[in-house]
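Step one of this worksheet: look at the structure below.
The values are calculated or read from the model by the stated rules, or taken from the named source; none is laboratory data. All figures in this text were calculated on a predicted structure; none of them were measured in a lab. Backbone-built Cβ (ideal geometry, glycine too); neighbour counts: all protein chains shown. Note: accessible area is taken over every heavy atom of the protein model, side chains too, but ligands, DNA and RNA are not part of it. Shrake-Rupley method; radii C 1.70, N 1.55, O 1.52, S 1.80 Å.
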Amino acid sequence: MEHLKELIREVPDFPKPGINFYDITTLLQDAGGLKQTVDSMIDKFRGEQIDTVIGIESRGFIFAVPIAYALGAGFVPVRKPNKLPYHKVSASYDLEYGQDTLEMHRDAVGAGHRVLIVDDLLATGGTAQAVTKLVEQVGGEIVGLGFLVELTFLKGREKMDGYDVHSFLKYDD
């Protein structure tokens, strides 16, 4: 999968100076790259008896829906504040460049449901850690976390200690 890095555009100083943004839209527009990415993510988690796949707003939705479909699981969106209409649980977290909050419908994951969390990027781990808290708060069991890209130098994986974390493309600097 390393060759897929050639399809990801690097944008320096976005969204602020000193941040190197890995723009996956260029990978998504490549039919072969998109197919290989989604197929690889599905294959990694096939056979795990997953009930629910959570996609983290917004790029996590892109991967979570086809994974859920292929695994015969439901899809649950985790969103920024005030985007979901029903009773919610929320968790705040630190970003690489600020702070934010995520929300999920309180009834989206049932007690004992086997959950896969999916996003495009693992950076500092704050976002993923917040979602694990949401899932566990409502009684879900986290089977694993899947990310297209991991920025290993930001050590986000360390916040995921005790969870099965899989990333498909790793950047070391």
Legend entry - Answer from Gly74, Gly144, Gly33 - the residue that is touching a helix residue (DSSP H, G or I) at 6+ places or on another chain (Cβ under 8 Å) and closer than 21 Å to Phe21 by Cα: Gly33
Inset, instruction - Name every residue in the stretch 93-106 that is assigned to a strand (DSSP E or B) and modelled with pLDDT of 95 or more, in order of residue number. - result: Thr101, Leu102, Glu103, Met104, His105
Inset, instruction - Being in contact with a helix residue (DSSP H, G or I) (Cβ under 8 Å, 6 or more places away or on another chain), more than 21 Å from His3 (Cα to Cα) and aromatic (Phe, Trp, Tyr) is the filter here, so list the residues in the stretch 36-71 that pass it. - result: Phe45
Inset, instruction - Could you run through the stretch 1-37 and say how many residues are touching a Gly at 6+ places or on another chain (Cβ under 9 Å) and small (Gly, Ala, Ser)? - result: 0
Legend entry - Matching entry among Val118, Val109 (being touching a Ser or Thr at 6+ places or on another chain (Cβ under 7 Å), open to solvent by less than 10 Å² (accessible area, probe 1.4 Å) and not in a helix (DSSP H, G or I)): Val109
Legend entry - Those residues of the stretch 121-141 which are outside any loop (DSSP other than H, G, I, E, B) and more than 18 Å from Tyr22 (Cβ to Cβ), in sequence order: Gln129, Ala130, Val131, Thr132, Lys133, Leu134, Val135, Glu136, Gln137, Glu141
Legend entry - Of all residues making up the stretch 145-170, the number that are within 10 Å of Leu122 (Cβ to Cβ) and either assigned to a helix (DSSP H, G or I) or among the hydroxyl-bearing types (Ser, Thr, Tyr) (or both): 7
Legend entry - Among the residues listed as Leu121, Leu145, Leu84, the single one being without any contact (Cβ under 8 Å) to a residue 24 or more places away in the chain and within 19 Å of Val65 (Cα to Cα): Leu84
